[in-house]
Protein chains: 6
Amino acid sequence: MLVEFGGTKVLCAASVQDSVPRWRRGSGQGWVTAEYAMLPRATNTRNDRESVRGRIGGRTHEISRLIGRSLRACVDYKTLGENSIVIDCDVLQADGGTRTAAITGAYVALADAVAWMRERKMCKGDPLIDSVAAVSVGVVGSTPLLDLCYTEDVAAETDMNVVMTGSGEFVEVQGTAEGKPFNRGALDELLDLGVAGCAELTRLQRESLA
Amino acid sequence: MLVEFGGTKVLCAASVQDSVPRWRRGSGQGWVTAEYAMLPRATNTRNDRESVRGRIGGRTHEISRLIGRSLRACVDYKTLGENSIVIDCDVLQADGGTRTAAITGAYVALADAVAWMRERKMCKGDPLIDSVAAVSVGVVGSTPLLDLCYTEDVAAETDMNVVMTGSGEFVEVQGTAEGKPFNRGALDELLDLGVAGCAELTRLQRESLA
Amino acid sequence: MLVEFGGTKVLCAASVQDSVPRWRRGSGQGWVTAEYAMLPRATNTRNDRESVRGRIGGRTHEISRLIGRSLRACVDYKTLGENSIVIDCDVLQADGGTRTAAITGAYVALADAVAWMRERKMCKGDPLIDSVAAVSVGVVGSTPLLDLCYTEDVAAETDMNVVMTGSGEFVEVQGTAEGKPFNRGALDELLDLGVAGCAELTRLQRESLA
Amino acid sequence: MLVEFGGTKVLCAASVQDSVPRWRRGSGQGWVTAEYAMLPRATNTRNDRESVRGRIGGRTHEISRLIGRSLRACVDYKTLGENSIVIDCDVLQADGGTRTAAITGAYVALADAVAWMRERKMCKGDPLIDSVAAVSVGVVGSTPLLDLCYTEDVAAETDMNVVMTGSGEFVEVQGTAEGKPFNRGALDELLDLGVAGCAELTRLQRESLA
Amino acid sequence: MLVEFGGTKVLCAASVQDSVPRWRRGSGQGWVTAEYAMLPRATNTRNDRESVRGRIGGRTHEISRLIGRSLRACVDYKTLGENSIVIDCDVLQADGGTRTAAITGAYVALADAVAWMRERKMCKGDPLIDSVAAVSVGVVGSTPLLDLCYTEDVAAETDMNVVMTGSGEFVEVQGTAEGKPFNRGALDELLDLGVAGCAELTRLQRESLA
Amino acid sequence: MLVEFGGTKVLCAASVQDSVPRWRRGSGQGWVTAEYAMLPRATNTRNDRESVRGRIGGRTHEISRLIGRSLRACVDYKTLGENSIVIDCDVLQADGGTRTAAITGAYVALADAVAWMRERKMCKGDPLIDSVAAVSVGVVGSTPLLDLCYTEDVAAETDMNVVMTGSGEFVEVQGTAEGKPFNRGALDELLDLGVAGCAELTRLQRESLA
């Protein structure tokens, strides 16, 4: 599926395998993981391909791990059975907030894959115990803003990613002072904004899956 | 730009740099190169990312080189000046003929980039001395066919890629016996088919650029 | 310098260079970066060396980036001049909280390096505009705890890293639901605990540097 | 065995294993593959070793694949049984046409290996259903030439590799416009030359194996 | 365990596994191996991490192999049973003679590991048939010296590493002319010095293990 | 040039460059280095290519360094001027003693290259201050033997490589207990044998260069 948030376009695709990584075999439990990547011209100036450089950069690693962790928060491994789902998130066009767009889209791809598995009786019930969505929020010129585009992102003093379940609890909160440190008041304001944004995205995910 | 041939979708993007690789510096001449890659879920079953494996596979290398060579056949390096153009061809969905679709789309992206450069007076004239298009043709069950889709491609006894200029000359001819060797008659028939296919694609490229 | 927090031992060493990375040259500004690594037997069961595997894992990348970002929050690049400081954080023994121990120790190594540079008149004033310290906090069995050791860390439902300046503002907040999602109340409690912990560490850093 | 064509010297060695790659196991069928490489001083100016650079270049990949494909055209996998043959083609000295020399020599090494296997009753009949030979042909200054040496190769406007079976059918035809595109007439002339050249090489292979 | 020789500090840690490398399985015999590495700031000027460069340097490889070979000289594989011991030697601070310090310390770590295994009845007797120690000796300004520190090492005309068993026999002798070649007399003098040095280290190892 | 010792065949080729590695620039001094490699079928059973594995093994690294060190013992860098010589030693066929054969052959290639440079007035005098040759000696079944072939090498209890100058001094002595440790008497006997072997090789080198 293709997720679009403003100028950001991420292609999210789920692949199902009826096996699990070696360390998981014989446990009766499944596994969910994600891989994030950007096309070289997703950004305004071209980035070298990581396959050509022969190694994955730290940022790519970090985001792939974040997406995987976020998705796993809504999965019951036992019900999934010894199956794996890999979610590929490939950024075709980047205009800020690619990692949160990827999480939000990856959940929809995951839900589709789970539905496909259930039709084929690959799992014994519904392994999805909740949904997951994410937004980026930030302080730009002392104003808290939801869903920064690239120019806002660059200008942001503080940048925060909020990942929440559909039932309104936190899965991950990552706030970073880009320019200068922030105080508790700013943190609380950003959290409020993030909570509202995630609730709205949860609604859109439900519509898209219905 | 997104090229679609049947179920095959390739995203072709050109990036312009006002410099050339080291071995070319001071020559007054430009350079054109291409990079081809497939998203992991472009095919029906998922392929591992080459960035994760840490090395580019032989097939990827081979196709990137073919696209670059094909494009360079219609470029006058002197007129291009000491500028480089990289064409990224990323296969979003693969259903046969991805390399020829990539060449055909890459030419359009190249022509767009050259137009953009000429507006900015980056080159002294038109560095494009011709156009380039490519088709795959093959013999399936003794019938020569144009533009094989994936199931035909797998069934093909002979597979041929024909790359031609808009003025009707050959840039590259690659015929491979997949199943059993082929004779001169079959080769001639496939060439005829390829010539006709390239002529039609040249027409479509002109329309798309107009 | 060797930082010890409970069973965790991290060797932090600063290296000064009178040059900056290429993208920074001519800017008149300096750069601070960090590299984190674990010895193979820092943990209870041996981990393969990343040099032997030929690539750095995602976790190592992620932590190196976090340490670098945290340190840069207290540095004025202009005053530093075109000099670089690399902080190496090598975990000799790991018992939970290695990344926050590394940040706290890295600041002390950085302050030592800056003092050394100032003696040699390598910078025009004090490039350190604040100090930085970090703690890990977590919810174990519904009780919020400061500075988790390894067994607590494994048992934690929520795990949070708080990085703060000596003046009491946030540099980075990373809260992750390991077991199950957490609500706003738990988040607030963990933040309170983190704020108190960082204040105490700031005091210890000052003593150590005095 | 050492193949020499003019100044080109290629060492071709076959290695037999009584197993097949994982994806082939249990099929009852064998596999034939090839690896091509150049010694660093095979050419006039030294090339860096690919082992030192840590990655195989596109050209090496492309040629290894071509040799493997060509050899497989004359092998019956069923008769070969679940055995593998790897042909190593190492260029000791390069003076044009190394890939076609490698194919021609690789076939002789393959035939030797098959004879050795048949003596040991490793296969149930003759897995070689034909022979394979290859030549390079090209247009230099508008004259079609067989078996280009290095200086001719560099000067060639069109370069074509023709791989044929001993029974006179095509396995692979690769024609590339180095300088300027070529027309159907030139293509036909080059094919005629290639057909004659391959027939002569087939005769020499038979003599060498007798 | 931490070995210190003058300014040289090496951390030696043994890890026991109840399995052996694939090529050793089913032989009833064990295996002992070693990995050597230097922290980036072990030396006076920082060295890049080998994990960051993505490959292990020749010197590291060479020393890891030497340590492994030396340790294996005092091990009876049959008595060890199908178990492996890996000794990690990480140089925290380097001031000459790191490889010989590593061997001497690695033996003590090995002996500790063997004692631990014998308590757990993992082997059927004592797999250690002797002990192993090593010293570096050299000629500095025509004077033979034992245990060179870094400044002496740099100034040495000849550098020799002597590895001996506790019973006084040679395991490895490596003499290298750094500046100018040496004659038989100098070689003999260095050997005498090495023999005496190893005997003294054997005594210290026994004390440390008692 | 091709060196043959019994069944061992090593191709040694020197390449001259009128530049030096970066760390040597501006010193007025040259550099000599060597690269050793084995073809995959040099041995009786095929070894994987190091280029395919993507990394150079420890043994290859170790031998390349030994050859380089040995050659540098007879070179006067000042007279060589800011030029580099790389000696490639590629083992076509291995039957014991490949590293010592490589050193002995590499010296001849080096002397040829130096003669070629002197003809072209690339250096101001003779940068070769001596010659270098090497032999392997070993104890097989308690008998000391010169120049072990592969079956002897495998059976050897002690293996020693002796590298000497033409004037009869030691450049490198490496004795390794393969099976069981050796005493001073055995060491002395092996050295005597090595000294005699190197003297004979020095004579052969002179003949070959005359």
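The values are calculated or read from the model by the stated rules, or taken from the named source; none is laboratory data. The model shown is predicted, which means the values in this text are computed figures rather than measured ones. Methodologically, a virtual Cβ is constructed for each residue, glycine included, from the backbone with ideal geometry; neighbour enumeration extends over all protein chains shown.
Filtering A:Thr98, A:Thr60 for residues that are out of contact with any helix residue (DSSP H, G or I) (no Cβ under 7 Å at 6 or more places or on another chain) and either of a type in the set (D, E, K, R) or within 19 Å of B:Arg41 (Cβ to Cβ) (or both) leaves a single hit, A:Thr98.
F:Pro127 meets all of the listed conditions (1) surrounded by fewer than 21 Cβ atoms within 10 Å (Cβ to Cβ); (2) closer than 27 Å to F:Leu2 by Cβ; (3) more than 11 Å from chain E (Cβ to nearest Cβ) but one, namely (1). Candidates in region F:169-204 are the residues that are of a type in the set (S, T, N, Q) and in contact with a strand residue (DSSP E or B) (Cβ under 6 Å, 6 or more places away or on another chain); of these, the one that is farthest from the other protein chains (Cβ to nearest Cβ) is F:Thr202. If you check F:Ile63, F:Ile56, F:Ile67, F:Ile87 for being free of Cβ contacts under 8 Å to residues at least 40 places away in the same chain and in contact with a Cys (Cβ under 7 Å, 6 or more places away or on another chain), only one passes: F:Ile67. Whenever a residue of region A:9-29 is among the acidic types (Asp, Glu), its partners that are assigned to a loop (DSSP other than H, G, I, E, B), lying with C-beta atoms within less than 7 angstrom and at least six residues away or across chains, give the pairs A:Asp18/A:Asn83; A:Asp18/A:Met122. Within region B:117-132, can you find the residues that are touching a strand residue (DSSP E or B) at 6+ places or on another chain (Cβ under 7 Å) and not aliphatic (A, V, I, L, M)? B:Pro127, B:Asp130, B:Ser131, listed by residue number. The one condition from (1) buried (at least 24 other Cβ atoms within 10 Å of the Cβ); (2) part of a strand (DSSP E or B) that A:Tyr107 does not meet is (2). Among the residues making up region F:37-57, those that are touching a Leu at 6+ places or on another chain (Cβ under 9 Å) and within 22 Å of D:Asn44 (Cβ to Cβ) are F:Ala37, F:Leu39. If you go through region C:133-150 and keep only what is free of Cβ contacts under 8 Å to residues at least 60 places away in the same chain and touching a strand residue (DSSP E or B) at 6+ places or on another chain (Cβ under 7 Å), you end up with C:Ser136, C:Gly138, C:Val139, C:Pro144, C:Leu145, C:Leu146, C:Leu148.
Being in a strand (DSSP E or B) and either within 14 Å of chain C (Cβ to nearest Cβ) or without any contact (Cβ under 8 Å) to a residue 60 or more places away in the chain (or both) is the requirement here; does A:Ala34 meet it? Considered against the rule, which asks whether it is in a strand (DSSP E or B) and either within 14 Å of chain C (Cβ to nearest Cβ) or without any contact (Cβ under 8 Å) to a residue 60 or more places away in the chain (or both), A:Ala34 comes out as yes.
For F:Asp90, are the conditions met, namely being modelled with pLDDT under 95, among the acidic types (Asp, Glu) and surrounded by 20 or more Cβ atoms within 10 Å (Cβ to Cβ)? Spelling it out, it is not the case that F:Asp90 is modelled with pLDDT under 95, among the acidic types (Asp, Glu) and surrounded by 20 or more Cβ atoms within 10 Å (Cβ to Cβ). If you go through region A:170-187 and keep only what is in contact with an Asp or Glu (Cβ under 9 Å, 6 or more places away or on another chain) and over 17 Å from C:Gln174 (Cβ atoms), you end up with A:Gly179, A:Lys180, A:Asn183. Checking B:Arg24, B:Arg53, B:Arg46, B:Arg69 one by one, the residue that is charged (D, E, K, R) and closer than 26 Å to E:Arg55 by Cβ is B:Arg53 and no other.
Here C:Thr60 clears all of (1) more than 9 Å from every other protein chain (Cβ to nearest Cβ); (2) at negative phi except the condition numbered (1). Within region B:1-58, if we keep just the residues that are of a type in the set (Phe, Trp, Tyr) and surrounded by fewer than 22 Cβ atoms within 10 Å (Cβ to Cβ), the residue that is farthest from C:Gly58 (Cα to Cα) turns out to be B:Phe5. Inside region F:59-79, residues that are farther than 26 Å from D:His61 by Cβ and either part of a loop (DSSP other than H, G, I, E, B) or among the small types (Gly, Ala, Ser) (or both) make up a count of 5.
Does any residue of region B:180-187 turn out to be exposed (fewer than 14 other Cβ atoms within 10 Å of the Cβ) and within 20 Å of D:Cys198 (Cβ to Cβ)? Yes; the residues of region B:180-187 include at least one that is exposed (fewer than 14 other Cβ atoms within 10 Å of the Cβ) and within 20 Å of D:Cys198 (Cβ to Cβ).
For region F:1-55, name all the residues that are closer than 30 Å to F:Glu82 by Cβ, charged (D, E, K, R) and modelled with pLDDT under 95. F:Asp18, F:Arg22, F:Arg24, F:Arg25 - these are the residues of region F:1-55 that are closer than 30 Å to F:Glu82 by Cβ, charged (D, E, K, R) and modelled with pLDDT under 95.
For every residue, the table says whether it meets (1) at pLDDT 90 or above; (2) crowded, with 23+ Cβ neighbours inside 10 Å; (3) on the phi < 0 side of the Ramachandran plot.
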site: E:Asp112; (1), (2), (3): yes, no, yes
site: E:Thr143; (1), (2), (3): no, no, yes
site: E:Ala155; (1), (2), (3): no, no, yes
site: E:Val162; (1), (2), (3): yes, yes, yes
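Return yes when E:Leu128 is in contact (Cβ under 8 Å) with a residue 12 or more places away in the chain and in contact with a helix residue (DSSP H, G or I) (Cβ under 7 Å, 6 or more places away or on another chain) and no when it is not. Yes. For beta carbons closer than 8 Å, sequence separation of 6+ or different chains, a first residue in region A:151-168 that is within 10 Å of another protein chain (Cβ to nearest Cβ) and more than 14 Å from A:Asp192 (Cα to Cα) and a second that is in a strand (DSSP E or B) and among the hydroxyl-bearing types (Ser, Thr, Tyr), the qualifying pairs are A:Thr158/A:Thr176.
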